[in-house]
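Below is one structure; the comments refer to it alone.
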Amino acid sequence: MAFPPQHYGCECCGSAELADIELAAQGVVLGSSQVHIHAQPEPAVPFTVAEVRLDAGPVVRALLDVGHAAGDWHGRRVHGVLRQRGQDPAVLAFRFGVTA
C-alpha cells in the first residue's frame, strides 16, 4: 500500500500486478512518536508521526495534524485531512487529524 500511489511493484513480493482501491481515511492510532530533529526543512520540527490502523484494516504511517502538541495519541480516533504545504496553495499534504 502506498500513498501517493506508486507502480513499481509490491514491496513484499515484487509483483507488478497492483490495483488502485479507495480506503476511508479513518482509523485508530496504534502508536506515535514526536520528532525533534529532522534533516529537511519540512515538515518543521517538532512533528508527530503515527502508525494508524485504518477502519478498512491496513496499517499506515503518516503525520498527525496536532501542531507542536505532545501527547499520548495511542487509541485515539483519527480522520484524514489535507493541509497546504509551504507557500503554494495548490500543494497539499495529507495528515491525520485527531477526532474530538
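Throughout, read-outs are computed from the coordinates displayed, never taken from laboratory work. Not measured: the values here are computed from a predicted model. Backbone-built Cβ (ideal geometry, glycine too); neighbour counts: all protein chains shown.
Identify all residues within region 53-69 that are surrounded by 11 or more Cβ atoms within 10 Å (Cβ to Cβ) and either within 15 Å of residue 85 (Cβ to Cβ) or not charged (D, E, K, R) (or both); write none if there are none.
Result: 54, 56, 58, 59, 60, 62, 63, 64, 65, 66, 69.
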Go through region 1-52 and give me each residue that's exposed (fewer than 11 other Cβ atoms within 10 Å of the Cβ) and within 21 Å of residue 77 (Cα to Cα). 22, 24
Here the qualifying pairs (Cβ atoms under 9 Å; residues six or more apart or on different chains; first in region 21-45 and touching a residue at least 40 places away in the same chain (Cβ under 8 Å) and in a loop (DSSP other than H, G, I, E, B); second of a type in the set (Phe, Trp, Tyr) and surrounded by 13 or more Cβ atoms within 10 Å (Cβ to Cβ)) come out as 25/94; 25/96
Taking region 13-64 as the region of interest, how many residues are among the polar types (S, T, N, Q) and more than 25 Å from residue 100 (Cβ to Cβ)? 2
Taking only region 55-73 into account, find how many residues are within 11 Å of the chain's Cα centre (by Cα) and either over 12 Å from residue 25 (Cβ atoms) or in a strand (DSSP E or B) (or both). 6
Restricted to region 83-100, and to residues that are exposed (fewer than 12 other Cβ atoms within 10 Å of the Cβ) and aliphatic (A, V, I, L, M), which residue is nearest to the chain's Cα centre (by Cα)? 91
